[in-house]
């Protein structure tokens, strides 16, 4: 007997920290405006040559620790470039430093929200997996991909084996990174387009066979959402924020220090920098010999993060030769240099 799938929706309320959730059985989010983009479809990354392989078997139950390349806003907290986040073999991601120890099973009571460690958690399917079963590559490992053009981070748990049953599960998580430009403000209300998606491909014995937990939770363990619908193949679940603008304004992120980050794109480099106060900055490109190539930015910039693009052109608009280049930033008395490689 096949139980028909049913839709699940959670409106943004104070109890959820103004996060909403809905799945692909629903016609759309629990509000009419603003309009959201269509739900994504499952596009595996395990065969993408740019994806980082997460071989969990080497970590003894501990999650992978990675550093953010971009900014992500989640439950009134800004997570910035250089901050750590943790990807577990057991089907979850967390920004909580305590998660470094690994947590194979969710709480036995309501899993989200729950004040027990770890908090700051995003869990498509939290259950006790075993990445040491056999030499199964490309199966039973994770994959991580950051697309610098779309600013989307994708994590795939590819045919993970459950510790007790050997049931397999193939699913993924996507996060929309970016800065404050992803906030859509209307009066005293704001919609965040820092969207979270859970996408489910296939499972060998049904998605509820090992009673995994699905949901999100804030840094305090006070606010969160436990998904109460039915997970089936090709299910897509979306989470996002729609609530008072005052909470954004009060928690507006101010960098602690200037920073400079460069990220490759398919046509050049995204150059992301921050300033701690309104200040004049200079951002220039030089070749490996120290010869000036072009100015990317010069002038006053407001507090916060800013992103520019270098497309490989010099000051005259000509494509630069293949080689090593230096991107240098000056802000007040602070200076930093990043080395990049341009291939024609």
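The values are calculated or read from the model by the stated rules, or taken from the named source; none is laboratory data. Since the structure is predicted, the reported quantities are computational estimates derived from the model, not experimental observations. Note that each Cβ is placed from the backbone with ideal geometry, even for glycine, and that neighbours are counted across all protein chains shown.
For this structure, a couple of remarks:
- Residue count for the range 12-43 under the criterion of being within 12 Å of residue 195 (Cβ to Cβ) and out of contact with any strand residue (DSSP E or B) (no Cβ under 9 Å at 6 or more places or on another chain): the result is 1.
- Residue pairs meeting the criteria (Cβ under 6 Å; at least 6 apart or on separate chains; first free of Cβ contacts under 8 Å to residues at least 12 places away in the same chain, in the range 79-95; second part of a loop (DSSP other than H, G, I, E, B)): none
- Selection status of residue 286, at pLDDT below 90 and within 22 Å of residue 339 (Cβ to Cβ): no
- Meets criteria (under 25 Å from the mean Cα position of the chain (by Cα) and either surrounded by 14 or more Cβ atoms within 10 Å (Cβ to Cβ) or assigned by TED's automatic domain parsing to the domain that holds residue 68 (or both)) for residue 267: no
- Checking residue 231 against (1) surrounded by fewer than 21 Cβ atoms within 10 Å (Cβ to Cβ); (2) not in a strand (DSSP E or B), the condition it does not meet: (1)
- Any hit, the range 97-105, residues being touching a strand residue (DSSP E or B) at 6+ places or on another chain (Cβ under 6 Å), touching a residue at least 40 places away in the same chain (Cβ under 8 Å) and outside the structural domain of residue 306 (by TED's automatic domain parsing): no
- Those residues of the range 50-65 which are assigned to a strand (DSSP E or B) and surrounded by fewer than 18 Cβ atoms within 10 Å (Cβ to Cβ), in sequence order: 52, 53, 65
- In summary, residue 72 fulfils each of the numbered conditions (1) loosely packed, with under 15 Cβ neighbours inside 10 Å; (2) in contact with a strand residue (DSSP E or B) (Cβ under 8 Å, 6 or more places away or on another chain) with the single exception of condition (1).
- Residue in the range 211-219 that is surrounded by 14 or more Cβ atoms within 10 Å (Cβ to Cβ), farther than 30 Å from residue 166 by Cα and outside the structural domain of residue 167 (by TED's automatic domain parsing) present: no
- When residues in the range 190-228 are screened for being farther than 20 Å from residue 31 by Cα and either at pLDDT below 95 or in a loop (DSSP other than H, G, I, E, B) (or both), 15 of them pass.
- The set of residues from the range 270-302 being part of a loop (DSSP other than H, G, I, E, B) and farther than 21 Å from residue 151 by Cβ comprises 276, 277, 278, 288, 289, 290, 291.
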